[in-house]
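K.L.:
What follows is a structure written as structure tokens; I'll ask about it next.
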Amino acid sequence: MNLPGNLFKSALLAFAIFWFIIISEDGIDSDTLLLMFLSCIPIFLMVTIVIIGSICPVFWLASKEHTNKQDIFKTYFPYYAIIASSACVFGIYASNNELIAFFSSAFITTCQSWVWFAKEKNE
Amino acid sequence: MKHISILIASFLFSLLFFDKSIGLNLSIFSIITIVFLGFYNLKAFKNLRIRFYTLAYIITAIFVFVQHSGLSIIANCIAFFTLVGAISEQNTSIYINWLNGMFTTIAAFFYKYISGNSSEEKVDWKKNIDILHLAKLIGIPLVFIIVFVLLYKNGNPVFNDLINTISFDFINFQWVLFTILGYYLFSNISKPVQIEPITSQDKQITDKLYKSEHFSEVQLKKEKQLGTTLLGLLNLLILLYIATDVTYLMTTNATTGTELSSQVHNGINTLIASILIAIVIILYFFRGNLNFYSENKILKNLTYVWIILNVSLIGLIAIKNQNYIALYGLTYKRIGVYVYILLTCVGLITTFLKVLNIKNMVYLFRINTQIAFILLIVFSTINWDHTITKYNLNTAQNFDISYLINLSNRNAVLLYEQKDNIIASHEHKKRIDTKYWSYVEDVVQNEWQEYSYETFVISKKHPNSETK
């Protein structure tokens, strides 16, 4: 599994989605720019924790039964997507729509991360 | 052609929902969804089951407009998932339809990418355009230009003034994002996907129970003896309980709220435990070969009697609940007791049918989830706040006016109309007035997407109020 490459691409995607949603709401100025730079670290940390904590274990555990990564994706991704989307919708609702950018970027990034893992060549 | 229709649908999605609360928009969205699904999956709509789910979806859409309640919105969403899931595969259980429908709506885009449903289109695209390169070509310079513009802005006042004259206010980025969400949604449901292997596994499982090859008659005889003894004794016990309960109901004249509440709640707790254990016991004994054992008639008859006696227990709880309601009025919790009683009754009847027709556990799950879906749609057609208020004001001997005022706005009109006929304090009547007029104010400010049936009723009553 190309974990570092996946983490880097996912962090970049999460960063782009997160800030695109925030900028579309509040606009952009030089203060926002500073915050954007600073946010790179927590975004990367969050992405790393979520991917290593929730996606990688599925691939590690399922690789005993399935040799093909696409099979793992087809078998387990649907349940992951349903649970992740439910958690994100609940998060958005519980935060009174304050955390839309965070949860939207989290959902899209994790789904895309699954796709990147599944597209890797089988070892 | 596909992209054009999805684009049109996504623009309509934005027009209906962007910055709006739920109302007529959800009903119109349901119609658009049906047309859209029909456009891409016309063959599927020849299936009777799909037609039934479409009808259910239309009914919930109508009642979102008529009742405008949280329950009707939930029913509409579940009907949407059911229809989308059923289009992905017609011959599966309803809970598999829900899973497929939810997954299709949420993440089919990612799944199609890997499973290669859209591989033909991708090949054509890739032949003509290198998407990744195009994204880099636009994205990277754009990001750096924005960064440097923001940096240079602080360094030079003339440049700052020049940049400030550029305005993108005419573009609503939030609207653009919302339209992208609409595009994503319609792109997902255009060709519903199936979760495997659960869908194909569910298709293969029938409702029938089959005799297994290992058939030990001695073992079955022992099991039958155990079952007959257990169910025989349980029948005697429940008979005794029902007899004492009937005596209690006929001799005791409970009139205080605490007494009646305690009767109902204790009864419900007993009922929950009793029915669950009853169903588990029945399912245990009729899980396999005992269904085909020639000497199982006594056990079967005892099971039927046990089920009938449990239904009688439900009847007693219903009487207690009705006494409570007649004296102290309807509330959501008391309606909840009735709903629970109904569901339990359904559970017992389906267990009875399972034993009678020699069906398996999957049959029970399938039929009970189907009935739950139908009941949800039926319940969503009722304006519960209005029903509770009407019953309490006109029929109940006592009621809590604060409880009625604290219900949602869907009883505001009825409360306002009847406020002069009820005995209530000046403060309560003032609260009823405030509730009604703030509701009228809300309703008349609604945009056309947020309209409900009550908007027209209010507008007719107050023609001078300005609607948008």
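The values are calculated or read from the model by the stated rules, or taken from the named source; none is laboratory data. All of these numbers come straight from a predicted model, not from anything done at the bench. Cβ atoms come from the backbone with ideal geometry, glycine included; neighbour counts cover every protein chain shown. Surface accessibility is based on the protein's heavy atoms, side chains included, excluding ligands, DNA and RNA. Shrake-Rupley method; radii C 1.70, N 1.55, O 1.52, S 1.80 Å.
K.L.:
Go through B:MET250, A:MET46 and list them by solvent-accessible area, largest first, probe radius 1.4 Å.
P.N.:
B:MET250, A:MET46
K.L.:
Ok, one more. What pairs from B:LYS429/B:LYS460; A:LYS64/B:LYS112; B:LYS224/B:LYS359; A:LYS64/A:LYS121; B:LYS320/B:LYS435 go past 28 Å between their alpha carbons?
P.N.:
Pairs exceeding the cut-off: B:LYS320/B:LYS435.
K.L.:
Return the distance in nm (one decimal) between the two label points of a simple spin-label model at B:VAL218 and A:HIS66, each offset 7 Å from Cα along Cα→Cβ.
P.N.:
4.7
K.L.:
Only Cα pairs under 8 Å and at least 6 apart count here; give the relative contact order of segment B:341-468 as a rounded whole percent.
P.N.:
The value is 15 percent.
K.L.:
Probe 1.4 Å, all protein chains in place: accessible area of A:CYS40 in Å², nearest 10?
P.N.:
60
K.L.:
Residues of segment A:16-55 with amide nitrogen under 16 Å from the 7 Å Cα-to-Cβ point of B:VAL158?
P.N.:
none
K.L.:
While we're on this one: Stretched out fully, how many nm does the piece from B:LEU15 to B:PHE292 gain, at 0.36 nm a residue minus the Cα gap?
P.N.:
Gain on extension, B:LEU15 to B:PHE292, equals 93.6 nm.
K.L.:
Let me ask something else about it. Under a 1.4 angstrom probe, counting protein chains only, how are A:THR109, B:THR381 ranked by accessible area, largest first?
P.N.:
Order by accessible area, largest first: B:THR381, A:THR109.
K.L.:
Using the Cα centre of the protein assembly as shown as the reference point, and only Cβ charges (+1 on K/R, -1 on D/E), how large is the resulting charge dipole? Debye, rounded to the nearest 20.
P.N.:
Roughly 1980 debye for the protein assembly as shown.
K.L.:
Give the accessible area for B:ARG49 in Å² (nearest 10); use a 1.4 Å probe, count only protein heavy atoms, and leave out ligands, DNA and RNA.
P.N.:
90
K.L.:
Cα gyration tensor of chain B, axes a ≥ b ≥ c as square roots of the eigenvalues: rounded (a/c below 1.5), prolate (a/b > b/c) or oblate?
P.N.:
Oblate is the answer for chain B, as a/c is 1.5 or above yet b/c matches or exceeds a/b.
K.L.:
Arrange the peptides B:344-351, B:295-302 so that the one whose residues have, on average, the most other Cβ atoms within 10 Å appears first.
P.N.:
B:344-351, B:295-302
K.L.:
Which order do you get for B:LYS46, A:LYS121 if you rank them by accessible area with a 1.4 Å probe, largest at the top?
P.N.:
Ranked list, largest accessible area first: A:LYS121, B:LYS46.
K.L.:
Please give the calculated 222 nm ellipticity per residue for chain B, where each DSSP H segment of at least 4 residues contributes -39500 (n - 2.57) and the sum is spread over every residue; nearest 500 deg cm²/dmol?
P.N.:
Rounded to the nearest 500, it is -25500 deg cm²/dmol.
K.L.:
Using only protein heavy atoms and a 1.4 Å probe, report how much of B:TYR152 is accessible, in Å² to the nearest 10.
P.N.:
130
K.L.:
Mind running the shape call on segment B:384-461? Use the C-alpha gyration tensor, a ≥ b ≥ c as the square roots of the eigenvalues: rounded below 1.5 for a/c, prolate if a/b tops b/c, oblate otherwise.
P.N.:
prolate
K.L.:
Report the one residue of B:SER30, B:VAL311, B:VAL378 whose Cα lies farthest in the direction of the positive end of the charge dipole of chain B (charges on C-beta: Lys and Arg +1, Asp and Glu -1; origin at the Cα centre).
P.N.:
B:VAL311
K.L.:
Once you place label points 7 Å from the Cα toward the Cβ at B:ASP400 and B:LYS460, how far apart are they in nm?
P.N.:
3.4
K.L.:
Charges only on Cβ, +1 for Lys and Arg, -1 for Asp and Glu: so what's the dipole of chain B about the Cα centre, in debye to the nearest 20?
P.N.:
Result for chain B is approximately 1240 debye, rounded to the nearest 20.
K.L.:
Place the peptides B:305-313, B:275-283 in order of packing, highest mean first, counting for every residue the other Cβ atoms within 10 Å and averaging per peptide.
P.N.:
B:305-313, B:275-283
K.L.:
Provide the buried accessible surface between chains B and A in square angstrom, both chains summed, 1.4 Å probe, rounded to the nearest 100.
P.N.:
About 2100 Å² of accessible surface is lost on pairing.
K.L.:
State in Å² the accessible area per residue of the protein assembly as shown; use a 1.4 Å probe, count heavy atoms of protein chains only, and round to the nearest integer.
P.N.:
55
K.L.:
Run the dipole for segment B:217-359 about the Cα centre, Lys and Arg Cβ at +1, Asp and Glu Cβ at -1, nothing else charged, and hand back the magnitude in debye, nearest 20.
P.N.:
Computed about the Cα centre, the dipole is about 360 debye.
K.L.:
On to the next question. Determine the shielding of peptide A:75-83 by partner chains: average, over its residues, the number of Cβ atoms on other chains within 10 angstrom of each Cβ.
P.N.:
The mean count of partner-chain Cβ atoms within 10 Å per residue comes to 5.
K.L.:
How much length would be gained if the chain were fully extended between B:PHE379 and B:ASN301, taking 0.36 nm per residue of separation minus their Cα-Cα distance, in nm to one decimal?
P.N.:
Extending this stretch completely gives an extra 24.6 nm.
K.L.:
Here's something else I'd like to know. Distance check, please: which entries in B:LYS390/B:LYS419; B:LYS2/B:LYS43; A:LYS74/B:LYS203; B:LYS333/B:LYS419; B:LYS2/B:LYS191 exceed 21 angstrom between their Cα atoms?
P.N.:
Among B:LYS390/B:LYS419; B:LYS2/B:LYS43; A:LYS74/B:LYS203; B:LYS333/B:LYS419; B:LYS2/B:LYS191, the Cα-Cα distance tops 21 Å for B:LYS333/B:LYS419.
K.L.:
Next question, about the same structure. On a C-alpha basis, how far is the centre of segment B:364-427 from the centre of segment A:70-87 in Å? Whole number, if you could?
P.N.:
Cα centres, segment B:364-427 to segment A:70-87: 40 Å.
K.L.:
Further, regarding this structure: Run the reach check for B:LYS153 against lysines, Cα to Cα strictly under 29 Å, same-chain hits fewer than 8 apart removed. What comes back?
P.N.:
B:LYS136
K.L.:
For the protein assembly as shown, which whole-number percentage of the solvent-accessible area (1.4 Å probe, protein heavy atoms only) is attributable to carbon and sulfur atoms?
P.N.:
67
K.L.:
Taking only DSSP H segments of four or more residues, each worth -39500 (n - 2.57), what value at 222 nm results for chain A once the sum is divided by all its residues, to the nearest 500 deg cm²/dmol?
P.N.:
Counting only the DSSP helices, I get -27500 deg cm²/dmol.
K.L.:
Given a Förster distance of 30 Å, report the FRET efficiency between B:LEU55 and B:VAL346 from their Cβ-Cβ distance, rounded to the nearest 0.05.
P.N.:
0.90
K.L.:
Suppose R0 equals 25 Å. What FRET efficiency, 1/(1 + (r/R0)^6) with r the Cβ-Cβ distance, do A:ILE23 and B:GLU447 give to the nearest 0.05?
P.N.:
Between A:ILE23 and B:GLU447 the formula returns 0.40.
K.L.:
On full extension of the chain, what length is gained from B:TRP437 through B:ILE180, given 0.36 nm per residue of separation minus the C-alpha to C-alpha distance?
P.N.:
88.7 nm is the gain from fully extending B:TRP437 to B:ILE180.
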